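S.K.: Let me begin by handing over the structure; questions about it come next.
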């Protein structure tokens, strides 16, 4: 039938009618709230680029989790800021690591809340990468990291400079002269730091698997209900599944960041978790944003290795990937509305450019409409209150 018999607007006339025929419905039961846990007591430090998000000490994280549960949100995912870092990510898999401490405290004080443990090494590595680093430039990573941290402590902004030989890959000589260059630029607080040459280091895949497996087991022992590997190393789901089973955690499910893209939307997270790489980037292990078919292959491989659930990250810029995954794979599907998505909406709202609550809820609705059953989002608490 056609107009005037067919009038779709009949079902849009009132709020009651629109609600009655609504195809996609948001619920707090589909949210996961990310938390950043740090050392100390009584710490509640707001992340500069993520208004409303905080670095929390364990005691404050427990309070936050009690509020999360009271709002009907079933789960949180924990990220850790360790007291110290090294080149084998000891803080990630140590039984007294910051995330392990938080998991035990939350399980004790907020029973019934599902805990997800992010299994990655970047927050715990001295160089900020998600795996073990090898190569000539890697030997310099600790020295460069210390220099960068010293500059950051002074509130100076870091940008990369090219070496004379390459417009894209600064040399070790450029790194060595960076302090002198920094002094020259100090007046403007734009410190020129030479980036490591990409061809001179490698993120080692297979040796990293052992550390990831140890981290997963340590988190499970501390009480994590779900293990969520986000590193994008090949074979990590199999390594983690085997380690969990061998340690007696056959019933602990794995939510794999199966299609995690090398995105520009992660910047605020890296500030929150102090996890930015100190040289190079993560494009050799995170996915090329141009590749949808490869994302399907990554998901299929993770499911073959034993993943129980899968995730697409980021969410809104990759709704096509999310929807394609929903069509192809009959398993629980999650999406991570990442820090950059959150920060952009917050910034636009603070400038009065958008209707904040409407845009926030629309963004979450679109992620679910594309196929996500579970959405990891920093808006979880605010959205839950609006849905109450």
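S.K.: With each label point set 7 Å from Cα along the Cα-Cβ vector, what nm distance links residue 355 and residue 3?
M.R.: Each label point lies 7 Å from its Cα, and together they span 2.4 nm.
S.K.: At 0.36 nm per residue, and after removing the present C-alpha to C-alpha distance, how many nm does the segment from residue 24 to residue 365 gain when stretched out fully?
M.R.: Values: separation 341, 0.36 × 341 = 122.76 nm, distance 0.72 nm.
Between residue 24 and residue 365, full extension yields 122.0 nm more.
S.K.: Between residue 327 and residue 70, what is the label-to-label distance in nm when each label sits 7 Å out along the Cα-to-Cβ direction?
M.R.: Once both label points are built, they end up 4.5 nm from each other.
S.K.: Another one. Roughly speaking, what is the stretch gain from residue 15 to residue 242, that is 0.36 nm per residue apart minus the C-alpha to C-alpha distance, in nm to one decimal? Each step should come with its number before you reach the end.
M.R.: Details: separation 227, 0.36 × 227 = 81.72 nm, distance 5.15 nm.
Full extension from residue 15 to residue 242 adds 76.6 nm.
S.K.: Ordered by packing density, taken as the mean number of other Cβ atoms within 10 Å over each peptide's residues, highest first, how do 20-29, 249-258 rank? Don't skip to the answer; put the middle values down first.
M.R.: Values: 20-29: 11.6, 249-258: 21.0.
In descending order of packing, they fall as 249-258, 20-29.
S.K.: Would you mind computing, in nm to one decimal, how far apart the modelled labels at residue 270 and residue 95 are, each placed 7 Å from Cα along Cα→Cβ?
M.R.: The two pseudo-label positions are separated by 3.5 nm.
S.K.: What are the semi-axes of the equivalent ellipsoid for segment 1-100, taken as the square roots of 5 times the Cα gyration tensor eigenvalues, largest first, in whole Å?
M.R.: Details: eigenvalues 431, 44, 31 Å².
Result for segment 1-100: semi-axes of 46, 15, 13 Å.
S.K.: Can I ask one more? Which distance in Å, rounded to a whole number, links the C-alpha centroids of segment 304-367 and segment 3-38?
M.R.: 16 Å
Bear in mind these aren't lab numbers, they're just calculated from the coordinates by the rules spelled out. Since this is a predicted model, take the numbers as computed values, not measurements. Counting neighbours? That spans all protein chains shown, and the Cβs are built from the backbone with ideal geometry, glycine included.
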